[in-house]
Structure formats: C-alpha cells, structure tokens
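*Asks:* Below: one structure in structure tokens.
The values are calculated or read from the model by the stated rules, or taken from the named source; none is laboratory data. Fair warning: this is a prediction, and the values are worked out from it, not measured in the lab. Cβ sites come from the backbone with ideal geometry, for glycine too, and all protein chains shown count toward neighbours. Keep in mind that these areas ignore ligands, DNA and RNA; they rest on the heavy atoms of the full protein, side chains included. Shrake-Rupley method; radii C 1.70, N 1.55, O 1.52, S 1.80 Å.
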Amino acid sequence: MSNTEFPDDELREEQEFIDGLYARVDALRGDAEDSVTDALRQGNTPMQARLERDILVAERSGLLAALNAVDGSLCFGRIDLSSGDSHHIGRIGLRDDDADRTPVLIDWRADVARPFYLATGHTPMGLRRRRHISTEGREVTALHDEILDLGDETRTGHEDPTGDAVLLAALNSARTGRMGDIVRTIQADQDRIIRAPHRGVMVVEGGPGTGKTAVALHRAAYLLYEHRDLLARRAVLIVGPNPAFLGYIGEVLPSLGETGVLLATVGELFPGVRTTRTDSPRAAEVKGRAEMAEVLAEAVRSRQALPDPVITIEHDRDVLMLDDGLVRVARERTRAAKLPHNAAREHFEGHILNTLTEMVAERIGTDPYDGTNLLDPSDITQIRDELAENPEVWSAIDRLWPRLTPQRLVADLLAAPEDFLAAEDADAVRRPVTRHWTVSDVPLLDEAAELLGEDDRLARERADRERQAQVAYAQGVLDVSYASRTYEFEDKEEDDPDSVEVLSAHDIIDAERFAERHEEEDHRSAAERAAADRTWAFGHIIVDEAQELSPMAWRLLMRRSPTRSMTLVGDPAQTSEAGGVGSWSDILAPYVEDRWEHTRLGVNYRTPAEIMDVAAAVVRAEHPGFEPPGSVRSTGVRPWARASDDLPGAVAKAVGELTPAEGRLAVIAPRDLHRALAARLDGVTAGAEPDLTHDVVLLDPRQAKGLEFDSVLVVEPGRYGTSDLYVALTRATQRLGVLHCEPLPKPLAEALA
C-alpha cells in the first residue's frame with residue numbers, strides 16, 4: 001500500500017482499492033503470460049480447438065497489453081447508484097476468484113459502465129454520483145465528484161461544480177508525441193458513435209480537433225469486446241494516411257487491451273510492397289481514377305494475343321500452323337469461362353492442345369479413300385500427350401496467353417501507357433520500368449492481381465512434392481523405429497521365451513499421419529496472417545482521413561470488406577489529395593448505394609478558440625458558408641505572424657523561444673524548404689519519417705494530418721492551398737506562430753492583424 005498521507009477518508013478508500021486491484025493484476029499478469037505460452041506450445045489440434053486457442057491468445061495478449069499500459073490508469077472512475085451499489089470503471093474488466101466471479105472492475109465497454117459517460121443531472125440513469133479518479137502510476141492523486149441526484153445532500157469535499165475539470169485537464173496537458181486513449185473523458189456524442197451497432201458503413205465526419213480519430217479507435221476496441229469470436233478470427237484493419245500517423249495512434253488500442261488489429265497505410269496493403277513514395281499530384285489523380293480498372297482490364301486483354309499472321313510449330317517431322325482464326329476461337333472460348341487471366345490459362349492450354357491434336361490426327365489418321373478417321377481414342381490421347389511434351393507448343397502458348405504477375409503488368413503499362421490512355425494522361429503517369437512503387441501504384445497492383453488471379457498448378461505440384469518428401473521421411477523414421485524394436489524384441493526372446501511382444505510405432509500410426517503431426521503450425525495472429533494475404537476478408541475496417549482516398553483505393557478496400565462493415569472517418573473540408581473523392585456519396589454509392597449512416601462531431605476539443613477563429617477565416621474566404629466546429633476552451637494566447645528575409649534563421653529563433661515551454665513543437669513547412677530548415681534545427685533531419693516523440697519535428701502539411709502538438713510554427717503559408725493551410729493552422733493545442741518571407745494570403749493576414 002502507498003505510504004502517502006491522505007487528507008481525508010475518501011482518498012484513502014480509493015487508494016486502498018487501487019492497491020488491492022494492482023495486487024490482483026500482478027497475479028493475473030503471471031497467469032496471462034503462462035496461458036499464452038501454453039497455448040502457443042500446443043501441437044496440431046482440430047480446427048475448433050485451434051480457433052479457441054487463437055481467441056485465448058488474443059484475449060490474454062490483450063490483457064497483458066492493458067496491464068502494461070504506460071500511464072497506469074487501470075481504474076479511472078466510480079459510479080454510485082441510487083440503490084446504494086457502487087462500481088469502479090476501468091480500461092479492462094476484472095472479476096473476483098469467488099464462486100460467483102463477482103466483478104471487481106467494470107470494463108468501460110460494458111453496458112453497466114455506460115452511465116459513467118451518459119448520465120446527467122437531468123437524466124441521471126439511476127446514478128447518485130459519478131467520480132473521476134486521477135492517478136499517477138499506482139497512486140491516487142485527486143478525486144472529482146459530480147452530484148447527479150440533487151436531492152442527496154451527502155458531500156465528499158471533492159465535488160467538481162462544472163463537471164469539466166478532468167476533461168479540461170486532459171485537453172491542457174502537454175502532448176507526448178503519441179495519442180492517448182480517451183476512456184476517462186468520452187463525451188455523450190462520442191459514446192453513441194463508439195457503441196453504434198456492428199453493421200454496415202458508418203461515416204463519422206468532423207472538423208479538426210473533434211476527436212473523430214479517437215472515437216474510431218475506441219469504436220474498434222468496443223467492437224472487439226462485443227464481437228470477440230468473429231473479430232478475433234477476422235481481425236480489424238485500420239487504414240491511416242501515413243506511417244507517422246500510424247505511429248502516433250499505435251499505442252491506443254494496446255492500452256485498451258486489444259491487439260487483434262492491423263494498422264496500415266494504403267502503401268502497405270499489397271503483400272510484398274511497402275512504400276511511402278508519392279507521385280506528382282497529376283499522376284496520382286490519373287492513377288486514382290475509377291476508369292483505371294477498365295484500363296487494366298484492357299491491358300490484360302491485350303496480352304491475350306493472336307498470331308501475326310501465324311505461329312509455326314515443328315512436331316514429329318511435320319509443321320503445324322496456328323493461325324488467327326484457330327487461336328481466336330480458343331481465346332473466345334476461354335474468355336467465356338469468365339475466369340481471371342492466369343486461372344484461365346489452363347483452359348486456353350486445353351483448347352490449343354485439342355486444336356493441335358485434331359490437326360495431327362486429321363493428317364495421319366484420315367483414310368485417303370473415304371475420308372474416315374482410322375484412329376481410336378487411345379491414339380488420340382497419345383498424340384495429345386506427345387504434343388504436351390513439345391517445348392515449341394508451350395512456347396507458342398506463352399506468346400499467346402502468357403502467365404503474368406501484377407507487378408509486370410502494371411510496370412509495363414506505366415512504361416508505355418499511350419496505348420491505353422489519352423496523351424496528356426499518358427505523359428503524366430509514364431515512367432521507365434522500375435522496382436520503386438508509389439502509394440498510388442498499390443491499388444493498381446491490387447486491381448491487377450484481381451484481374452490476373454493465380455494459376456496455382458505449380459504451387460500445388462510443389463506442395464505435393466514437399467508433402468511426399470515429408471511422408472517419405474516419416475516412413476524412414478518409422479522403419480528405423482520398427483527395425484530397432486524388432487531387434488530388441490528378438491534379443492529379449494532369446495533370453496526370455498515368455499516375453500510379451502511390444503507395440504511399435506507402426507502399429508498405432510502410419511507415415512502420412514506421422515508427417516501431419518510434424519507439419520509446422522501457423523502461430524501468427526489473425527492480423528499477421530491478414531497482412532500477408534491479399535484476399536483476406538476483415539471483420540471490420542476503419543479508414544481515417546477517408547476523404548483523401550482515390551476511387552481505385554476504395555476498390556481495394558471494398559475487396560477487403562465483403563460484408564461492408566466499416567467506419568469511415570474524415571472531413572471533406574480537409575481534402576487535399578488531387579485524387580481524393582471528398583464526397584461521401586461519391587465514395588459509397590458504387591458499393592452500398594444509400595445504405596450508410598452519417599454522423600457529425602461538432603465540438604472542437606483540441607484547438608483553442610483564438611486559433612480556430614484564424615483558421616476558419618481562411619476557409620470562409622473561399623467558402624463563405626463554412627462553419628467550423630466550436631472550440632470548448634480559450635487560452636487567451638493569440639496567434640502571431642513574423643516576416644523575415646532569413647527564414648531558416650527566424651524559424652530557429654522561434655523554436656528556441658518555444659521549446660523551453662512544456663510539450664511538443666511542430667514546424668510545418670513546404671517540402672522544398674525542409675533541408676534548409678533542418679540545417680538550422682538541432683536534432684531535426686529532412687527527408688526521414690518524423691519521430692513524433694522528439695521535442696521538435698519537421699513536417700509538411702499532409703504529413704501533419706490527424707496529428708496535434710502543443711505549439712506549431714507554420715512556415716511560408718502562401719505556398720499552401722486552402723485545405724493544406726487549414727490543416728496546418730489547426731494542429732496546435734496551445735500556441736501558433738506564422739513565419740514568412742513571401743506575402744501572406746490576404747485572409748490569413750487580415751485574421752492575424
């Protein structure tokens with residue numbers, strides 16, 4: 001127990017509860033570690049048992065993650081009911097070891113915990129009092145009580161008259177470079193979204209600072225809690241705009257006990273490709289168009305060639321000729337099967353082999369007098385088999401219907417796009433064949449993979465050979481075991497004629513089953529398996545900055561979500577990508593028509609009113625009807641602007657003035673200024689993915705999407721578009737400065753005057 005001296009019994013009571021809770025937690029941590037280890041050591045099991053083991057590992061791994069949460073706030077609240085009962089609320093649920101498994105700590109996602117977030121004096125939901133418990137590590141530091149039953153005259157001395165102390169403390173606290181969870185401060189409008197039923201597509205729209213990303217992450221945690229069996233198997237995919245953003249949010253779900261989640265950018269959603277390279281805005285816009293699906297389909301069809309004019313094949317001292325007409329028939333029959341290109345190749349091979357077989361049979365088997373064919377079915381089969389062994393036949397098939405990889409198809413298309421795109425579009429996307437992919441290429445690769453499919457015969461043959469080798473090895477082991485046991489038995493018989501025969505391995509298992517037992521089991525989590533499988537169907541998908549994704553990127557994501565269970569988060573006013581769809585209707589109509597739910601968050605928890613007024617003025621100059629989210633707080637610190645002929649020097653000076661203040665600082669500048677700025681800033685490197693835990697980071701506006709910092713310096717804002725400038729101006733929680741050499745945009749200059 002803590003040795004802290006307590007000013008009153010209320011604090012002492014809560015500290016004693018926390019001490020007991022952590023004693024239980026320390027014991028559970030050891031049990032959880034043992035459970036995971038035991039589950040992973042299990043050998044091959046029936047499918048249902050394996051599934052139960054996977055769920056156990058997911059649950060116990062999640063428990064360990066929550067128990068190791070960095071801020072230690074395992075319990076953060078208590079609700080006292082009018083009935084006299086009380087419940088402590090925390091980030092995970094814990095039960096007593098008694099026969100009834102009495103709840104000791106209520107998981108924040110449980111129904112009984114919901115009044116902690118929704119109850120008001122007008123609608124108390126059966127509560128007498130709501131208590132927020134503030135901790136540092138395992139020590140209780142403060143209590144904040146809200147009286148919900150005004151007829152109850154009991155007072156503790158920890159009453160919070162406004163009920164906002166905990167929220168405002170969280171909003172004003174210094175940033176760490178990592179997003180924290182909001183389980184202690186979830187607001188009523190956020191709670192309704194988090195707990196929305198698990199079906200269909202939900203769109204969560206909100207301006208800067210409205211908490212839409214935090215809400216989406218907590219919704220993922222809630223769904224994993226409510227639908228554990230399904231989502232432990234299928235996993236949840238969270239798609240973010242860039243790696244820095246994913247690093248920023250990466251600790252939220254583990255701190256809530258959830259690990260069955262894959263975080264990825266669009267540039268990481270094609271197995272074997274991980275890229276952050278970007279195209280020019282024009283090239284990205286062209287590659288992102290929905291019409292590129294048909295362009296790729298046409299590129300595939302163009303590889304299903306016809307002879308020009310004929311292909312000759314030498315076979316058995318004769319010459320066979322495949323002309324346009326014969327191949328065209330084979331091609332159309334193959335296409336009629338409506339299979340992906342590579343999967344259809346087996347059909348095309350069959351048609352070509354049959355055509356050549358008929359050609360040979362007609363030449364050697366036709367009676368010259370009456371024209372009848374003298375060959376029987378076995379002769380026809382032999383001819384076909386001989387043709388199938390002729391390398392020239394396969395060379396012809398490879399020319400007419402080649403096996404293709406997505407990488408080869410897309411690379412060839414981009415190297416010579418003029419055959420498929422208008423001249424200006426072709427010029428925008430053309431590039432030499434290269435191994436370097438861009439983010440805009442990944443949806444093209446995925447589309448190509450869908451069109452091509454897989455000719456898995458070679459893989460099946462390889463797997464069969466490996467299987468036979470395993471069986472042969474297992475048989476050898478059994479034979480050695482049998483010989484050894486036989487020798488031992490014969491030796492015993494000579495000494496003891498009455499000795500009993502001993503069973504050998506041969507008597508209880510054959511080689512095939514023995515090989516199965518020693519096949520390596522896949523111990524990867526569902527999220528790890530999903531990352532390696534392009535065809536994986538996720539249980540739920542969350543997309544942040546969804547307005548930025550291109551139509552081709554949406555085709556990729558919809559393939560990953562056949563059930564259309566998705567939460568889309570974004571703000572059309574912040575659309576900056578040239579290929580971004582922006583409109584929710586335009587995004588969703590091709591897939592779900594109007595069967596989607598839309599909700600909007602309208603309260604800005606991040607940006608002080610002084611900063612939000614400046615940012616809103618910039619947008620209103622272009623969109624007069626624009627209404628920003630309302631800020632819940634004011635700091636009294638106005639944004640400022642400075643002009644300088646030595647921009648790197650001015651930035652370095654401003655950073656020196658701000659960094660002694662508590663928290664993190666971001667310098668947001670056009671990419672072409674980064675090298676010069678980094679040269680004047682200690683510990684800052686241009687070109688690398690920013691480490692958001694550093695005191696000072698250098699970003700461009702698009703890298704800053706979704707992030708927040710205590711202080712922000714916006715450099716040369718005249719070079720930004722309205723959307724990028726709006727994003728840059730709304731990243732700060734405390735202080736905003738603008739530094740420029742070129743003239744400021746007029747709306748910004750007027751707002752800062």
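*Asks:* Filter segment 611-651 for residues that are touching a helix residue (DSSP H, G or I) at 6+ places or on another chain (Cβ under 7 Å), under 19 Å from HIS740 (Cα atoms) and without any contact (Cβ under 8 Å) to a residue 40 or more places away in the chain; which is surrounded by the fewest Cβ atoms within 10 Å (Cβ to Cβ)?
*Replies:* ARG638
*Asks:* Right, another one. In this structure, does ARG91 turn out to be touching an Asp or Glu at 6+ places or on another chain (Cβ under 6 Å), buried (at least 19 other Cβ atoms within 10 Å of the Cβ), of a type outside the set (A, V, I, L, M, F, W, C) and modelled with pLDDT of 85 or more?
*Replies:* The answer is no for ARG91.
*Asks:* To continue, here is another question. Failed condition for TYR605, given (1) buried (at least 22 other Cβ atoms within 10 Å of the Cβ); (2) at pLDDT below 90; (3) more than 23 Å from PRO717 (Cα to Cα); (4) not charged (D, E, K, R), with all others met?
*Replies:* (2)
*Asks:* Does at least one position in segment 106-114 carry a residue that is open to solvent by less than 40 Å² (accessible area, probe 1.4 Å), at pLDDT below 90 and not β-branched (Val, Ile, Thr)?
*Replies:* No, the conditions are met nowhere in segment 106-114.
*Asks:* I would also like to ask the following. Restricting to segment 619-671, name every residue that is of a type in the set (A, V, I, L, M, F, W, C), assigned to a loop (DSSP other than H, G, I, E, B) and closer than 19 Å to HIS694 by Cβ.
*Replies:* Residues satisfying the conditions are ALA661, ALA669.
*Asks:* May I ask you to list the residues in segment 564-619 that are under 24 Å from ALA749 (Cβ atoms), of a type in the set (Gly, Ala, Ser) and in contact with a Lys or Arg (Cβ under 9 Å, 6 or more places away or on another chain)?
*Replies:* Residues satisfying the conditions are SER576, ALA609.
*Asks:* A further question on this structure: From the list ILE133, ILE186, ILE193, ILE182, pick out the single residue that is open to solvent by less than 40 Å² (accessible area, probe 1.4 Å) and closer than 30 Å to LEU698 by Cβ.
*Replies:* Answer to the check: ILE182.
*Asks:* Of all the residues that make up segment 257-307, how many are under 19 Å from ALA411 (Cα atoms), at pLDDT 95 or above and touching a strand residue (DSSP E or B) at 6+ places or on another chain (Cβ under 8 Å)?
*Replies:* 3
*Asks:* Looking only at segment 395-413, which residues are assigned to a helix (DSSP H, G or I) and in contact with an Asp or Glu (Cβ under 8 Å, 6 or more places away or on another chain)?
*Replies:* ILE397, PRO406, VAL410
*Asks:* More than 15 Å from the chain's Cα centre (by Cα), outside any loop (DSSP other than H, G, I, E, B) and among the aromatic types (Phe, Trp, Tyr): which single residue out of TYR248, TYR225 fits that description?
*Replies:* Numbers: TYR248 fails: more than 15 Å from the chain's Cα centre (by Cα).
Going through TYR248, TYR225 in turn, the sole match is TYR225.
*Asks:* Is one or more of the residues making up segment 143-158 under 30 Å from ARG228 (Cβ atoms), over 36 Å from the mean Cα position of the chain (by Cα) and either part of a strand (DSSP E or B) or without any contact (Cβ under 8 Å) to a residue 40 or more places away in the chain (or both)?
*Replies:* Narrowing segment 143-158 to residues under 30 Å from ARG228 (Cβ atoms): none.
No - not one qualifying residue is present in segment 143-158.
*Asks:* Hey, can you tell me all the residues within segment 136-146 that are open to solvent by less than 40 Å² (accessible area, probe 1.4 Å) and in contact with a strand residue (DSSP E or B) (Cβ under 8 Å, 6 or more places away or on another chain)?
*Replies:* Answer for segment 136-146, where residues must be open to solvent by less than 40 Å² (accessible area, probe 1.4 Å) and in contact with a strand residue (DSSP E or B) (Cβ under 8 Å, 6 or more places away or on another chain): VAL140, ALA142, LEU143, ASP145, GLU146.
*Asks:* Collect the residues in segment 693-746 that are in contact with a helix residue (DSSP H, G or I) (Cβ under 8 Å, 6 or more places away or on another chain) and of a type in the set (Val, Ile, Thr), keeping them in residue-number order.
*Replies:* VAL696, VAL712, VAL714, VAL715, THR722, VAL727, THR730, THR733, VAL738
*Asks:* Further question: Out of VAL215, VAL203, report the one residue that is open to solvent by less than 10 Å² (accessible area, probe 1.4 Å) and part of a helix (DSSP H, G or I).
*Replies:* When all the criteria are applied, what remains is VAL215.
*Asks:* With the checklist (1) open to solvent by less than 30 Å² (accessible area, probe 1.4 Å); (2) touching a helix residue (DSSP H, G or I) at 6+ places or on another chain (Cβ under 8 Å); (3) not polar (S, T, N, Q) in hand, flag the one item LEU171 doesn't pass.
*Replies:* (2)
*Asks:* Identify, by number, the condition in (1) at pLDDT 95 or above; (2) open to solvent by 10 Å² or more (accessible area, probe 1.4 Å); (3) hydrophobic (A, V, I, L, M, F, W, C) that VAL684 doesn't meet.
*Replies:* Just one mismatch for VAL684, condition (1).
*Asks:* For segment 524-594, list the helices (runs of 4 or more DSSP H) that sit wholly inside it and hold at least 3 residues that are open to solvent by 50 Å² or more (accessible area, probe 1.4 Å), charged (D, E, K, R) and in contact with a Ser or Thr (Cβ under 6 Å, 6 or more places away or on another chain); which are they?
*Replies:* Here the list is empty.
*Asks:* Right, next: Whether any residue in segment 369-390 is at pLDDT 95 or above, of a type outside the set (Asp, Glu) and within 22 Å of PHE270 (Cα to Cα) is what I want to check.
*Replies:* No, segment 369-390 contains no residue that is at pLDDT 95 or above, of a type outside the set (Asp, Glu) and within 22 Å of PHE270 (Cα to Cα).
*Asks:* Would you call LEU262 closer than 30 Å to ILE182 by Cα, part of a strand (DSSP E or B), touching a helix residue (DSSP H, G or I) at 6+ places or on another chain (Cβ under 7 Å) and not charged (D, E, K, R)? Quick ask: steps written out before the conclusion?
*Replies:* Working: closer than 30 Å to ILE182 by Cα: yes; part of a strand (DSSP E or B): yes; touching a helix residue (DSSP H, G or I) at 6+ places or on another chain (Cβ under 7 Å): yes; not charged (D, E, K, R): yes.
Here the answer is yes, as LEU262 does meet what is asked.
*Asks:* Please pick out the residue among ARG101, ARG24, ARG60, ARG29 that is of a type in the set (D, E, K, R), open to solvent by 60 Å² or more (accessible area, probe 1.4 Å), modelled with pLDDT under 90 and in contact with a Leu (Cβ under 7 Å, 6 or more places away or on another chain).
*Replies:* Going through ARG101, ARG24, ARG60, ARG29 in turn, the sole match is ARG24.
*Asks:* Of the residues that sit in segment 397-420 and are closer than 13 Å to VAL433 by Cβ and open to solvent by less than 20 Å² (accessible area, probe 1.4 Å), which one is farthest from the chain's Cα centre (by Cα)?
*Replies:* Only one residue fits best here, namely PRO417.
*Asks:* Looking only at residues that are touching a Phe, Trp or Tyr at 6+ places or on another chain (Cβ under 9 Å) and not polar (S, T, N, Q) in segment 670-703, which one is nearest to CYS741 (Cα to Cα)?
*Replies:* Of the residues in segment 670-703, the ones touching a Phe, Trp or Tyr at 6+ places or on another chain (Cβ under 9 Å) are 670, 692, 697, 701, 703.
So of that shortlist, the ones also not polar (S, T, N, Q) come out as 670, 692, 697, 701.
Details: PRO670: 13, LEU692: 27, VAL697: 21, PRO701: 18 Å.
Once the filter is applied, the top-ranked residue is PRO670.
*Asks:* Tell me which residues, restricted to segment 376-394, are without any contact (Cβ under 8 Å) to a residue 40 or more places away in the chain and outside any loop (DSSP other than H, G, I, E, B).
*Replies:* PRO377, SER378, ASP379, ILE380, THR381, GLN382, ILE383, ARG384, ASP385, ALA388, PRO391, TRP394
*Asks:* Taking segment 718-751, which residues are open to solvent by less than 10 Å² (accessible area, probe 1.4 Å) and over 18 Å from THR575 (Cβ atoms)?
*Replies:* Across segment 718-751, the qualifying residues are ALA732, THR733, LEU736, GLY737, VAL738, LEU739, LEU748.
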